[in-house]
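Only one structure is covered here, and it is reproduced in the block below.
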Amino acid sequence: INAQLGTESAERDNFESSYQTQKERERQVKEQLDILKDHCADLESKWEDADVKYNKMLAELEERKTSNVLALTDTEMKVVQLTQVVRSLRNDTNEIDDRIEQAQEYMSELDVKLDESSRSDRRSDTGNTTGTISEGKAEIEKTRQAKPKARRRL
């Protein structure tokens, strides 16, 4: 009986030691599990924060894109309007240049006629009437060639 009691006691001590070792392992595993749960919770929180920041940044970028598209469209419309204004002003300038040229030609013709009439008056007094018409035509031709046409480009 004593031998049996001695082995039972050794078995009980062995079982007790095994039980304590198992309990210690469970405690360590629970601690590791708690650490992993906390780590997962932190990662989930960081993920959510990053997702919120990403979505916010994406919304801001979309707003900027929309704003830039509207500004570009507005600028393009202004360019078209200014181009039309420039073309209109160039047309007006060309019309004015044409009128100035016509007026200068008319003035040249009047000058020639005045010269012819004063020459004919003088020549009728002196009796010499040669070369007045060809001189008048030459004068008109000189005035036409002297006109600049730099603003004609569109």
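Can you work out ³J(HN,Hα) from phi for every residue in region 104-115, in order, using Karplus 6.51 cos²θ - 1.76 cosθ + 1.60 and θ = phi - 60°, giving whole Hz and x for Gly and Pro?
5, 5, 5, 4, 5, 4, 5, 4, 5, 5, 5, 4
What does the highest-first list of 49-56, 101-108 look like by mean Cβ count within 10 Å?
101-108, 49-56
Got a sec? How would 111, 121 order by Cβ neighbour count within 10 Å, fewest to most?
121, 111
The numbers here are math on the coordinates, done by the rules we state, and not lab data. Note that the structure is predicted; figures quoted are calculated from it, not measured. So basically every Cβ, Gly included, is an ideal-geometry build from the backbone, and we count neighbours across all protein chains shown.
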